[in-house]
Structure formats: structure tokens, C-alpha cells
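Written below as C-alpha cells is the structure these notes are about.
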Amino acid sequence: MSNSDGATGSKQARLGNNNSHSSKDLNGSGHGDKDLGDGPAIVGVTRDKIALITGITGQDGSYLAEFLLKKDYEVHGIIRRASTFNTTRIEHLYADPKAHKGGRMKLHYGDMTDSSSLVKIINMVKPTEIYNLAAQSHVKVSFDLSEYTAEVDAVGTLRILDAIRTCGMEKSVKFYQASTSELYGKVVETPQNEQTPFYPRSPYACAKMYGFWIVINYREAYNMFACNGILFNHESPRRGENFVTRKITRSVAKILLNQMESFELGNLDSKRDWGHASDYVEAMWMMLQRETPSDYVIATGETHSVREFVEASFKHIGREIIWRGKGIEEVGVEKDTNIVRVRINPKYFRPTEVDLLQGDASKAKRELNWSPKVSFPQLVSDMMKADIELMKKNPIA
């Protein structure tokens, strides 16, 4: 699990009304220099543009915060208490990045496993829009941390919906739930749209399925404005390092710079509908601007295999990969040098694999006027450029 992918974790993340301005732990260390706490609303912000983001430190949360700040929102984010800084993706959004202070973004300690912290933050911030992006979002890891994944991804969604009602804000808040294409799992039709039956194939997908249906239940039972965004795979230079796309681009960058000779992957033939996270956060916002709530598939409609992603990444550095062997003995060899660059390791196989995901975003295009802007080659190029620069600066990153 990537620690930066959500506002989850230890119970130490509870907010106290008396301590939040100092933002320090009991011995005076930690996030003492960050702009955290339950201070007054930011001056000059209209009451109709206040957003609360769970998982603000993750890939999607950081892009969404950027997007909303450009639209003059007051942005509040929930982060977990940790002994080290975990705000790398959003530090540039402070008015004073060196001091981690100022501007239209404020952070609050909270936790998706702690209802009281959610109630306190929502009651204090009084947001007009809530984006629930916090999750244990790594599919393979969910098999090892299945109970934790359910607590955060499933029950966590229920907790925040209940917190909205506890604060008496169910009629004034618009709620976005980050759902996932992993719900389709063992797909029954291709491409998948909003009417395609679900067949989840991992603890992560099962937890997200509960989240999906509890959002619909609260929407219908309490007339809440609550939407599910069924987002297909979306990547970027800010993707967590333990996700396969980022693992590939980081490794190829290291190979270019002679910092690594080869790397290992799992299922090369798994196919996904990959888009750019910056495109997808715009769709999240668009859903909450409509008069009535609904659920939307967000996807490019194209599918590419892990093998293709590897080939495209090496192509960016001017090298060609050819494949030799079969099964777990298959290797990716650099054509000009005959050096083995990619090997298969069964430890990266999922207990139950999802072979193909391809989305049909026709409804989003029709009702939201949304369509992806970044192509697959552009996505790979964007990630490769960023990781090459990263590895030049810090080879052990």
C-alpha cells in the first residue's frame, strides 16, 4: 500500500479542538510547521465553493486540489498523522511551499477508520462538496490486508456518509465517491458501462462494491446528492511507486541512466484502459456540477497490455524490446544489446486475475461533455520524462 494514497491509518490521527492550531504531537515534534488545524474559513471565499478531499495526498487528490484551486475553491484535505511528512505531492500548492503554510488549501488530521474525526472536520469546514478519494487502493496488497481494506474502503465510505448526516448537511453537500473499474473483475461484457454487471475479483474490489452500493442507498434513502465515479485505470508521474505502470517507468529510467540492468513483473498480458489522472479529476468535478446525481464510467475506451506499456516506455528512450520464451520463463530482451531487461516473477501474480478492462464512457461524454485529452503515448511519455529527471537527481528514489 502506498501511504500517500489516502487519509487512513492509525487512531492517533484524531483531531483535538484545542491542539489543532499548533499541529504538533505531544512532544512538540512532527507536523509542527505545517498549515494544519481548525482555523476559521479562509477570507474571501464564497460559501458555494468549499471542497473537502479525503486522500488529498494521493495521486488523484493532488491533481484534484490543483484543479479546484484554479477554480477559486477553498480546499480542505484530510491527512493521516505520521511521524514523517507525507505531503510531497501537494507541497507546491501552499502559498509558501518552503514553510508549508498559507494559501487557499488547509489540511486536517483525520482517519477513515475514526468516525469522530470525520464528524469534527465536516462540522468545522462545512464543505459544499466532498470528494472521497481515500483508500487502500493497491489490488495485490488487498489480498494481504483484506480486513484493513474493508475497514477503509467499504466501512470508511459509510462513516463519511453518516458523518454528513450527523452534521445535518445531507441536503447541502454534494458527495463524490471514487469507485473503480475493478468492480467488473471477471468481465461479462466488453466494453463495460454503467449497466454492466459487477464480478469483483479481489478484496479491494469487494470493498469498493460495498462503497458503490452504500452511496446509491444513501442517495435514494435520504435524497442526498451522491455520485459514484467508476474510474478506469488512470496514471501519471504522481502514481505510487508500487503500481505497475510507475514501476515500469521508474525502472526504464534507471536502465537509461545505467542505474539498473533489469526488473521483474507479473502478468504481461493483463490489459487495461489507461488514462491520465489529470483528465479524470476534471470528470469528478463535472459530476458534482449537475442538477441531479448519477453514476458515471470514466475511461478512454482503449485497452493496452502491460507488455505494450513496457514496449512504449523503452521506445521513449530509443530502445526496442523483443520477447523470448513462454510462461514464467519469458524475458524481454533489448534488441541491440541482447541484454535481458524484463523477467517474470510469479510472486507478482494475483490470486485471482482480472484479464481485461475496457470502459465505455459514452454517458459521461453525453451528459458531462467529458472526454480524455491525453493519449496513451502521451501518458507514457509524461511519466518517462518525469522519472528520468527524478532518477538524475536522486538515483535511490
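The values are calculated or read from the model by the stated rules, or taken from the named source; none is laboratory data. Just so you know, these numbers come straight off a predicted model, no measurement behind them. In this analysis, Cβ positions are derived from the backbone assuming ideal geometry, glycine residues included, and neighbour counts consider all displayed protein chains. Keep in mind that these areas ignore ligands, DNA and RNA; they rest on the heavy atoms of the full protein, side chains included. Shrake-Rupley method; radii C 1.70, N 1.55, O 1.52, S 1.80 Å.
So, of the residues in segment 352-366 that are farther than 12 Å from residue 267 by Cβ and in contact (Cβ under 8 Å) with a residue 40 or more places away in the chain, which turns out to be most open to solvent (accessible area, probe 1.4 Å)?
Selected residue: 362.
Output yes when any residue across segment 278-298 is open to solvent by 60 Å² or more (accessible area, probe 1.4 Å), within 21 Å of the chain's Cα centre (by Cα) and in contact (Cβ under 8 Å) with a residue 40 or more places away in the chain, and no when none is. No, segment 278-298 contains no residue that is open to solvent by 60 Å² or more (accessible area, probe 1.4 Å), within 21 Å of the chain's Cα centre (by Cα) and in contact (Cβ under 8 Å) with a residue 40 or more places away in the chain. Select from segment 155-188 the residues that are among the β-branched types (Val, Ile, Thr), farther than 18 Å from residue 113 by Cα and open to solvent by less than 40 Å² (accessible area, probe 1.4 Å) and list them in ascending order. Those that are among the β-branched types (Val, Ile, Thr), farther than 18 Å from residue 113 by Cα and open to solvent by less than 40 Å² (accessible area, probe 1.4 Å): 173, 180.
The residues in segment 296-318 that are charged (D, E, K, R) and closer than 13 Å to residue 361 by Cβ can be counted, and the count is 1. Contact map, segment 136-150: first residue of a type in the set (A, V, I, L, M), second residue part of a helix (DSSP H, G or I), Cβ cut-off under 6 Å, separation 6 or more or different chains; pairs are 139/204; 150/207.
Regarding segment 193-210, can at least one residue be identified that is more than 16 Å from the chain's Cα centre (by Cα), within 21 Å of residue 131 (Cβ to Cβ), of a type in the set (A, V, I, L, M, F, W, C) and surrounded by fewer than 22 Cβ atoms within 10 Å (Cβ to Cβ)? Yes, that holds for at least one residue. Every condition in (1) modelled with pLDDT of 95 or more; (2) under 23 Å from residue 281 (Cβ atoms); (3) out of contact with any helix residue (DSSP H, G or I) (no Cβ under 6 Å at 6 or more places or on another chain) holds for residue 100 except the one numbered (1).
With the requirement that a residue be hydrophobic (A, V, I, L, M, F, W, C), out of contact with any helix residue (DSSP H, G or I) (no Cβ under 7 Å at 6 or more places or on another chain) and open to solvent by less than 10 Å² (accessible area, probe 1.4 Å), what does segment 69-97 give you? Within segment 69-97, 79 is the sole residue that qualifies. Condition first: under 22 Å from the mean Cα position of the chain (by Cα), closer than 18 Å to residue 242 by Cα and outside any helix (DSSP H, G or I). Can you find one or more residues in segment 386-397 that meet it? Yes, because at least one residue in segment 386-397 is under 22 Å from the mean Cα position of the chain (by Cα), closer than 18 Å to residue 242 by Cα and outside any helix (DSSP H, G or I). Among the residues of segment 313-330, the ones that are touching a strand residue (DSSP E or B) at 6+ places or on another chain (Cβ under 9 Å) and open to solvent by 30 Å² or more (accessible area, probe 1.4 Å) come to 10 in all.
Inside segment 105-144, residues that are part of a strand (DSSP E or B) and closer than 30 Å to residue 353 by Cα make up a count of 2.
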